[in-house]
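These notes concern the structure reproduced below.
The values are calculated or read from the model by the stated rules, or taken from the named source; none is laboratory data. The shown structure was predicted, so the numbers you read here are calculated from the model rather than taken from an experiment. Cβ sites come from the backbone with ideal geometry, for glycine too, and all protein chains shown count toward neighbours.
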Amino acid sequence: MVSGTPPVEALTAHRSPLAAHALHPIGVFGGTFDPIHLGHLRLAEEMAEAVGLASVRFLPAGRPPHRGAPCIAGQHRLEMARRAVAGNPRFVVDDREIRRDAPSYTVDTLADLRTELGDAQPVWLLLGADAFLGLPGWHDWRRLFALAHIVVAERPGASLLQSDALPETLRAEIAARQVADGPAAGPAGAVLLRHMTPLAISATAIRDALAHGRSVRYLLPDAVLDYIQENRLYA
Ligand code: ATP
């Protein structure tokens, strides 16, 4: 279920296959969002602009398979994400991973979305550079390229291609799939490396500050901070 303003793809779902070329690309942005912060929102905003996304779906992970359990319940992370995106007509929150009683594999989520949106819909998976570097550890990761394009938000001055941390398997995928700026052709399979404004904000540092009674104002939206305080989260 998606909350917020109906995304453009929902409004165009009745189009005939002949009109498929006119489908606007949509973005998929997963994370633990424990809590969601301005680094996440800025990544989505900048990548949406870079590839011309009609909407971005934020998907808080239920049970993230690659890391420890989130610090707080999925319902709280979901509600914070909803408050964070409120007011941005391009952003919506999708609760399917929270509702799924199984590990949140991105490949399953994208396959679900493909079934809903059809094979012609261009879909972009949004990833931070650190998440992208870990891709070869993800379940069935090569299938991701069949399901979506990937745009990677890089930090200026820290090029992925020059990084020693870039696994050879990923380097080969980039070499085969990299596209220049702007919308890619087709529904899936391209990789775009795109610089974003560096914001050294992490959910870990926010949780730590909250646990020690320090201010986290201006690191996340006020509405999210209000929710954290109302519910005494991360204290
Ligand atoms: P934690 O500190 O708990 O590991 P996090 O702040 O890294 O959390 P996640 O929910 O794990 O947030 O990240 C979701 C996605 O957002 C990942 O693709 C990650 O690379 C990206 N991301 C997180 N913080 C930033 C940031 N400050 N700038 C750019 N990308 C970010």
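A few points about this structure:
- Residues of region 88-137 that turn out to be over 26 Å from HIS195 (Cβ atoms) and either more than 16 Å from the ligand (Cβ to nearest atom) or of a type in the set (Gly, Ala, Ser) (or both), as a count: 18
- Count of region 167-201 residues which are at pLDDT 95 or above, among the aliphatic types (A, V, I, L, M) and either surrounded by fewer than 10 Cβ atoms within 10 Å (Cβ to Cβ) or more than 20 Å from the chain's Cα centre (by Cα) (or both): 3
- Residue match in region 76-87 (condition: of a type in the set (A, V, I, L, M, F, W, C) and within 24 Å of ARG143 (Cβ to Cβ)): no
- Selection within region 1-37 - in contact with a Pro (Cβ under 7 Å, 6 or more places away or on another chain), at pLDDT 95 or above and aliphatic (A, V, I, L, M): ILE26
- Looking across TYR234, TYR227, one residue alone is on the phi > 0 side of the Ramachandran plot and surrounded by 11 or more Cβ atoms within 10 Å (Cβ to Cβ). It is TYR234.
- ALA86 crowded, with 22+ Cβ neighbours inside 10 Å, over 18 Å from VAL123 (Cα atoms) and either touching an Asp or Glu at 6+ places or on another chain (Cβ under 7 Å) or modelled with pLDDT of 90 or more (or both): no
- Considering (1) assigned to a strand (DSSP E or B); (2) more than 16 Å from the ligand (Cβ to nearest atom); (3) of a type in the set (A, V, I, L, M, F, W, C), the lone condition that ALA172 does not fulfil carries the number (1).
- Scanning region 183-220 for residues that are assigned to a loop (DSSP other than H, G, I, E, B), away from the ligand (no atom under 14 Å from the Cβ), over 18 Å from GLY128 (Cα atoms) and not hydrophobic (A, V, I, L, M, F, W, C) yields PRO183, GLY186, PRO187, HIS212, GLY213, ARG214, SER215.
- Residue list for region 49-84, restricted to those being away from the ligand (no atom under 11 Å from the Cβ), free of Cβ contacts under 8 Å to residues at least 60 places away in the same chain and closer than 30 Å to LEU23 by Cα: GLU49, ALA54, SER55, ARG57, GLY62, LEU78
- Which listed residue is touching a helix residue (DSSP H, G or I) at 6+ places or on another chain (Cβ under 7 Å), of a type outside the set (Val, Ile, Thr) and at pLDDT 95 or above, from LEU78, LEU113, LEU127: LEU78
- Region 130-142 residues that are in contact (Cβ under 8 Å) with a residue 60 or more places away in the chain, paired with ones that are more than 10 Å from the ligand (Cβ to nearest atom) and among the hydroxyl-bearing types (Ser, Thr, Tyr) (beta carbon under 7 Å, 6 or more apart): TRP138/THR106; HIS139/TYR105
- Residue tally, condition part of a helix (DSSP H, G or I), hydrophobic (A, V, I, L, M, F, W, C) and either under 22 Å from VAL216 (Cβ atoms) or more than 11 Å from the ligand (Cβ to nearest atom) (or both), over region 20-48: 7
- Number of the exception - ASP94 against (1) under 23 Å from TRP141 (Cβ atoms); (2) touching a strand residue (DSSP E or B) at 6+ places or on another chain (Cβ under 8 Å); (3) without any contact (Cβ under 8 Å) to a residue 40 or more places away in the chain: (3)
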